[in-house]
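Heads up, the thing below is written out as structure tokens.
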Amino acid sequence: MSDEELAALDKEVKKLKRIASEWASQLHDLVEDRLPAGYHEIPGISQSTYDACQAWAEANARLSAAQKARAA
């Protein structure tokens, strides 16, 4: 993997982490401010948070593998 590709993947991981954190913040706000009345929001926000965290984890695993391969 070239330096540019590795840098792009690193940037993607950081972006996905930010997105996951934003969804987690929305989930936190739901719990803190809108429950129990906002209970109907739980499935959508939870799924979006899960999906965002999963996307970050997959990209982070690709980055870690690429960094290990480069170091070898």
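The values are calculated or read from the model by the stated rules, or taken from the named source; none is laboratory data. All values reported here derive from a predicted model rather than from experimental measurement. Ligands, DNA and RNA are stripped out before the accessible areas are found, and what is left, the full protein with its side chains, is counted by its heavy atoms. Shrake-Rupley method; radii C 1.70, N 1.55, O 1.52, S 1.80 Å.
Coupling constants for the stretch 21-27 follow from the phi torsions by the Karplus curve (6.51 cos²θ - 1.76 cosθ + 1.60, θ = phi - 60°), and in residue order they are 5, 5, 5, 4, 5, 5, 5 Hz; glycine and proline get x.
Might you tell me the accessible area per residue for the chain, computed with a 1.4 Å probe and given in Å²?
Working: 5170 Å² over 72 residues.
In whole numbers, the chain has 72 Å² accessible per residue.
Straight-line cross-link partners of Lys14 among the aspartates and glutamates, defined as a Cα under 17 Å from its Cα and at least 8 positions apart when in the same chain: Asp3, Glu4, Glu5, Glu22, Asp51, Glu58.
Quick check on the chain: helices-only [θ] at 222 nm, where DSSP H runs of length 4 and up contribute -39,500 (n - 2.57) each and the sum goes over total residues. Nearest 500, please. Write out the running numbers ahead of the final one.
Details: 2 runs with 57 residues, N = 72.
Result for the chain, helices only: -28500 deg cm²/dmol.
Taking 8 Å as the Cα distance limit and 6 or more residues as the minimum spacing, I'd like the relative contact order of the chain as a percentage. If you can, show how the numbers build up before the last one.
Values: 38 pairs, mean separation 36.3, N = 72.
Contact order relative to length: 50 percent.
Fully extending the segment from Val31 to Ser2, taken as 0.36 nm per residue of separation minus the present Cα-Cα distance, adds 6.1 nm. Going through (1) 1.19; (2) 1.16; (3) 0.92, the figure that equals Rg/Rh (Cα atoms, Kirkwood Rh) as computed for the structure here is (1).
Tell me, what % of the accessible area of the stretch 17-65 is carbon and sulfur with a 1.4 angstrom probe? Present the calculation step by step, with values, prior to reporting the outcome.
Numbers: 1940 of 3290 Å².
Accessible surface attributable to carbon and sulfur in the stretch 17-65 totals 59 percent.
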